[in-house]
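The values are calculated or read from the model by the stated rules, or taken from the named source; none is laboratory data. As the structure is a computational prediction, the values presented were derived from the model and not from experiment. Here Cβ is always computed from backbone atoms with ideal geometry, including for glycine, and neighbour counts include all displayed protein chains. Areas reflect the complete protein model, heavy atoms only, side chains present, ligands, DNA and RNA absent. Shrake-Rupley method; radii C 1.70, N 1.55, O 1.52, S 1.80 Å.
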Amino acid sequence: MEIRTPAELWNERYTEPFASYGTEPNDYLREVAERIPAGPVLCLAEGEGRNAVYLASRGHSVTAVDLSDVGLANARKLAARNGVTIDTVVADLTTFDFGEARWSGIISIWAHMPSAARPALHAACARALRSGGVFVLEAYTPRHLDRPGVGGPPVADALPTPAELRRDLAGLRLEHCREVDREITEGKYHHGPSTTVQVLAIKSPADAARQDSRDGERY
């Protein structure tokens, strides 16, 4: 039996009629977008680009990262259709170089990762935010498994809880870290009553100073 890589599986999905998750931005991202300071924004597991295009239309310089070159090709087409440009990078988030104090915003919408990979990923996001930068996340939670057939990974290990995210993001100031039940309508694959966790986290100047201090201790 042929075993396909995650990139191959996502490429297959994104060859379906555009767009698998719709062309409108995520509802929670739209709710908190005004909290993202001016400057460059990084969108994780961005797929076909709906959130990246929305943020570019708000004036941000946006970089979209995804495993799927097919999805990102669709993202560039969506950007052109909307009169904006975005940068795209084909990469695995576990090896992607986030940089240090680089981004005004990092967006993680449905960027579901195995539990073993999440702490390092979120630590990298915290380091990569500029002072005052904002981390935005929405993900399905384990309770969502009680709602089969409406979207999200079918395994609990890929679904974070609010408690896990509070632990992972302890270096940031959390304004939202809440589990919500809400109706989602995002294309073919996210459609119906859902249980999600929503996070809005901010890197304050004090957070940035503590990070600089820890970095200095390593030299």
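What to note about this one:
- Helices (runs of 4 or more DSSP H) wholly inside region 1-77 that include at least 1 residues being modelled with pLDDT under 85: 6-14
- Scanning region 93-113 for residues that are within 13 Å of Ala124 (Cα to Cα), in contact with a strand residue (DSSP E or B) (Cβ under 8 Å, 6 or more places away or on another chain), of a type in the set (Gly, Ala, Ser) and part of a loop (DSSP other than H, G, I, E, B) returns a single hit, Ala101.
- Filter result (under 18 Å from Ser108 (Cα atoms) and over 17 Å from the mean Cα position of the chain (by Cα)) within region 58-78: Arg58
- Filter pass, Val150 being in contact (Cβ under 8 Å) with a residue 40 or more places away in the chain and part of a loop (DSSP other than H, G, I, E, B): yes
- So Gly22, is it closer than 20 Å to Asn82 by Cα, small (Gly, Ala, Ser) and open to solvent by 10 Å² or more (accessible area, probe 1.4 Å): yes
- Any chance Leu159 is more than 19 Å from Trp103 (Cβ to Cβ) and within 15 Å of the chain's Cα centre (by Cα): yes
- Scanning region 114-135 for residues that are outside any helix (DSSP H, G or I) and either open to solvent by 50 Å² or more (accessible area, probe 1.4 Å) or closer than 14 Å to Glu164 by Cβ (or both) gives Pro114, Ser115, Ala116, Ala117, Arg130, Ser131.
- Considering (1) in a loop (DSSP other than H, G, I, E, B); (2) open to solvent by less than 20 Å² (accessible area, probe 1.4 Å), the lone condition that Glu138 does not fulfil carries the number (1).
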